[in-house]
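Remarks on the structure that follows.
The values are calculated or read from the model by the stated rules, or taken from the named source; none is laboratory data. These figures come from a predicted structure and were not determined experimentally. Cβ placement follows ideal geometry from the backbone for every residue including glycine, while neighbour counts extend to all protein chains displayed.
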């Protein structure tokens, strides 16, 4: 739908039209300010000294820019009794997210390939079961998972968290790849079968090379989900293995000492940076992932 | 042997995931359902005792608050996000020159963790130094905005932050919907001299019914699972004023040591999700198989 909306009814004069156009841009601009405001406040607060925060204005630019809060947030802020900043937890999140994203994407690709192109009895039932599984509130698996992680001897560890994220990630990754692979004509794989190519060969030489866009979508989706996860992180970690979201919450809501709002904000920005960066660099794929599960097609 | 493997490889590939889903989704649901029927406290017990946990749950004032909050939060969050999202989508669909940049700005909160969102809004809404002080500084000395610490209003701050986070996403959904409406029909309507607002209200918006449904499902699902935002923004407080079912469940499971209550509240949450999602998924799957 392109140029119909501004096609003016004949009764409108040019002045009214230009006025409406201006109004439209003003409204859109105001909303842009609304969405940007918290980010602006976070950044400016993180660059102020505590003294300036107490005496100054939330909306004002810092009179004197200081990076002290960033230094404290990165390597000195206290999460409970430990005061190492968010640095160790940032790396925990990396150690959790990278393997979990790669493993769940690989499994999803294989699953999607099977469900879309190797029809056998039960494949559709599997897909339906998996799809329903995407929608359960995770509260319903928290208690048994805590016990199973204990039985497996990986409770409170980073491998434990990787395991949990892989298990509950493959529903979505399978969905992504299945929906992508059904659009690849089955004649392609049939012809390859006639030529003697096997299951893995067809996947490796035909499907995988075509999959780059959906691999990017899957990686971005999984990374955002896992990096931003709090529920699993807070339920299945212990001191030392917590992901950054849990550490951030501990810093902000720790009740001891002076409230250092600038440090809180710097820590929050550090926690947000990786996913924000992914969004800015690959926003198109981010949106595709978001809408893949919710829009038909 | 290799022939057998070649023939059955697809099933072999799918088997681990199949087993994982059966055990870690459906098996776990059954486990939780079972435990919700027992007298489990700190440790799970497996003798079924009937619905006593559910009786306790529905008699607990804190759960009552949580369900009420879910209703208030869910309704406002879904309705306002959809109205705002649709409005922004329509405004953005008027050949805006900077559309790409504006879309990026509207949607970026969706990339943030709810903990980050909660932290930011907690600071902005903080009565001492936040927005309240700023507006007072502008000369409105009597301006007060202390919803964050007011038990009757705190839940609305959760609504505010949640809308900020998700409305851009709803906008993106609707924008995609607007772009997929058949342009022929719209042109025909314009040739007939039908005013723009009528084109929207009578042709475009009704044809987007499936998108409304999708947006509703996604938002409802987000609302029921809301946990991190409340933890970061209000911590469930003041008191229990902003408890939601998810925070109630977590408190019972991990700080109160009341597994029976945790399990039964989780089952109720799942019941709510399923009454919303199952009919939708069922119709989606049927539509695809037809």
Out of region A:108-148, which residues are more than 30 Å from residue A:206 (Cα to Cα) and part of a helix (DSSP H, G or I)?
A:139, A:140, A:141, A:142, A:143, A:144, A:145, A:146, A:147, A:148
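Would you confirm whether any residue within region A:157-174 is in a loop (DSSP other than H, G, I, E, B), assigned by TED's automatic domain parsing to the domain that holds residue A:241, on the phi < 0 side of the Ramachandran plot and surrounded by fewer than 22 Cβ atoms within 10 Å (Cβ to Cβ)? Even if it seems obvious, please write down each step before you answer.
Step one: of region A:157-174, the residues in a loop (DSSP other than H, G, I, E, B) are A:157, A:168-169.
Now restrict to residues that are assigned by TED's automatic domain parsing to the domain that holds residue A:241: A:157, A:168-169.
Still in the list and also on the phi < 0 side of the Ramachandran plot: A:157, A:168-169.
Imposing the further condition that a residue be surrounded by fewer than 22 Cβ atoms within 10 Å (Cβ to Cβ) reduces the set to A:157.
So far as region A:157-174 goes, yes, one or more of its residues are in a loop (DSSP other than H, G, I, E, B), assigned by TED's automatic domain parsing to the domain that holds residue A:241, on the phi < 0 side of the Ramachandran plot and surrounded by fewer than 22 Cβ atoms within 10 Å (Cβ to Cβ).
From the set of residues in region A:49-77 that are in a loop (DSSP other than H, G, I, E, B) and within 11 Å of another protein chain (Cβ to nearest Cβ), which is surrounded by the fewest Cβ atoms within 10 Å (Cβ to Cβ)?
Filtering region A:49-77 down to residues in a loop (DSSP other than H, G, I, E, B) leaves A:49, A:56-67, A:76-77.
Of the ones still in play, those that are also within 11 Å of another protein chain (Cβ to nearest Cβ) are A:56-60.
On the way: A:56: 20, A:57: 14, A:58: 22, A:59: 15, A:60: 12.
Step by step, filter region A:49-77, then rank; the result is A:60.
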So residue B:208 clears everything in (1) closer than 19 Å to residue B:83 by Cβ; (2) surrounded by fewer than 18 Cβ atoms within 10 Å (Cβ to Cβ) except one condition, right? Which one?
(2)
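Residue B:57: under 30 Å from residue B:258 (Cβ atoms), under 16 Å from the mean Cα position of the chain (by Cα) and assigned to a helix (DSSP H, G or I), yes or no? Even if it seems obvious, please write down each step before you answer.
Values: under 30 Å from residue B:258 (Cβ atoms): yes; under 16 Å from the mean Cα position of the chain (by Cα): no; assigned to a helix (DSSP H, G or I): yes.
Taking the combined requirement at face value, the residue does not satisfy it.
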Only residues that are under 17 Å from residue A:179 (Cβ atoms) and either out of contact with any helix residue (DSSP H, G or I) (no Cβ under 9 Å at 6 or more places or on another chain) or touching a residue at least 60 places away in the same chain (Cβ under 8 Å) (or both): list them for region A:121-146, please.
A:134
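Based on this model, can you work out whether residue B:206 counts as within 25 Å of residue A:289 (Cα to Cα) and either assigned to a helix (DSSP H, G or I) or within 10 Å of chain A (Cβ to nearest Cβ) (or both)? Write out each step before concluding.
Numbers: within 25 Å of residue A:289 (Cα to Cα): no; either assigned to a helix (DSSP H, G or I) or within 10 Å of chain A (Cβ to nearest Cβ) (or both): yes.
Here the answer is no, as residue B:206 does not meet what is asked.
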Which one of the conditions (1) within 14 Å of another protein chain (Cβ to nearest Cβ); (2) more than 11 Å from residue B:267 (Cβ to Cβ); (3) surrounded by fewer than 17 Cβ atoms within 10 Å (Cβ to Cβ); (4) over 25 Å from the mean Cα position of the chain (by Cα) does residue B:38 fail to meet, given that it meets all the rest?
(3)
Being in the same structural domain as residue A:164 (by TED's automatic domain parsing), within 24 Å of the chain's Cα centre (by Cα) and assigned to a helix (DSSP H, G or I): is that true of residue A:95 here?
yes
Looking only at region B:159-172, decide whether some residue is facing another protein chain (nearest Cβ under 8 Å), buried (at least 20 other Cβ atoms within 10 Å of the Cβ) and either more than 15 Å from the chain's Cα centre (by Cα) or not in a helix (DSSP H, G or I) (or both).
yes
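Going residue by residue through region B:122-129, is there one that turns out to be surrounded by fewer than 16 Cβ atoms within 10 Å (Cβ to Cβ) and under 29 Å from residue B:217 (Cβ atoms)?
First, pick out the residues of region B:122-129 that are surrounded by fewer than 16 Cβ atoms within 10 Å (Cβ to Cβ): B:127-128.
In the following step, the residues that additionally are under 29 Å from residue B:217 (Cβ atoms) were identified as none.
Checked region B:122-129: no residue is surrounded by fewer than 16 Cβ atoms within 10 Å (Cβ to Cβ) and under 29 Å from residue B:217 (Cβ atoms).
Given the criteria at pLDDT 85 or above and within 20 Å of residue B:134 (Cβ to Cβ), does residue A:37 qualify? Lay out the reasoning, then the answer.
Numbers: at pLDDT 85 or above: yes; within 20 Å of residue B:134 (Cβ to Cβ): yes.
Considered against the rule, which asks whether it is at pLDDT 85 or above and within 20 Å of residue B:134 (Cβ to Cβ), residue A:37 comes out as yes.
Conditions (1) crowded, with 24+ Cβ neighbours inside 10 Å; (2) within 30 Å of residue B:130 (Cβ to Cβ); (3) in contact with a helix residue (DSSP H, G or I) (Cβ under 9 Å, 6 or more places away or on another chain), marked per residue:
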{"position": "A:217", "(1), (2), (3)": "yes, no, yes"}
{"position": "A:221", "(1), (2), (3)": "yes, no, yes"}
{"position": "A:226", "(1), (2), (3)": "yes, no, yes"}
{"position": "A:235", "(1), (2), (3)": "no, no, yes"}
{"position": "A:238", "(1), (2), (3)": "no, no, no"}
{"position": "A:248", "(1), (2), (3)": "yes, yes, yes"}
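Within region B:86-93, identify whether any single residue is touching a helix residue (DSSP H, G or I) at 6+ places or on another chain (Cβ under 9 Å) and exposed (fewer than 14 other Cβ atoms within 10 Å of the Cβ), and answer yes or no.
So in region B:86-93, the residues touching a helix residue (DSSP H, G or I) at 6+ places or on another chain (Cβ under 9 Å) come out as B:86-93.
After this cut, where a residue has to be exposed (fewer than 14 other Cβ atoms within 10 Å of the Cβ) as well, the list is none.
No, region B:86-93 has no match at all.
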Screening A:152, A:110 for residues that are out of contact with any helix residue (DSSP H, G or I) (no Cβ under 6 Å at 6 or more places or on another chain) and either in the same structural domain as residue A:94 (by TED's automatic domain parsing) or under 27 Å from residue A:287 (Cβ atoms) (or both) leaves only A:152
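From the list B:211, B:224, B:186, which residue is facing chain A (nearest Cβ under 10 Å), under 19 Å from residue B:72 (Cα atoms) and assigned to a helix (DSSP H, G or I)?
Values: B:211 fails: under 19 Å from residue B:72 (Cα atoms); B:186 fails: under 19 Å from residue B:72 (Cα atoms).
On inspection, the qualifying residue turns out to be B:224.
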If you scan region A:266-277, which residues turn out to be within 7 Å of chain B (Cβ to nearest Cβ) and either under 17 Å from residue A:91 (Cβ atoms) or in contact (Cβ under 8 Å) with a residue 40 or more places away in the chain (or both)?
A:268, A:271, A:272, A:275
Those residues of region A:1-34 which are under 31 Å from the mean Cα position of the chain (by Cα), modelled with pLDDT of 85 or more and at the interface with chain B (Cβ under 8 Å from one of its Cβ atoms) amount to A:25, A:27, A:28, A:31, A:32, A:34
Hey, does region B:106-115 have a residue that's in contact (Cβ under 8 Å) with a residue 24 or more places away in the chain, within 12 Å of chain A (Cβ to nearest Cβ) and either surrounded by fewer than 19 Cβ atoms within 10 Å (Cβ to Cβ) or assigned to a loop (DSSP other than H, G, I, E, B) (or both)?
yes
Here is a check on your reading of the model: is residue A:147 more than 21 Å from the chain's Cα centre (by Cα) and within 17 Å of residue B:285 (Cα to Cα)?
no
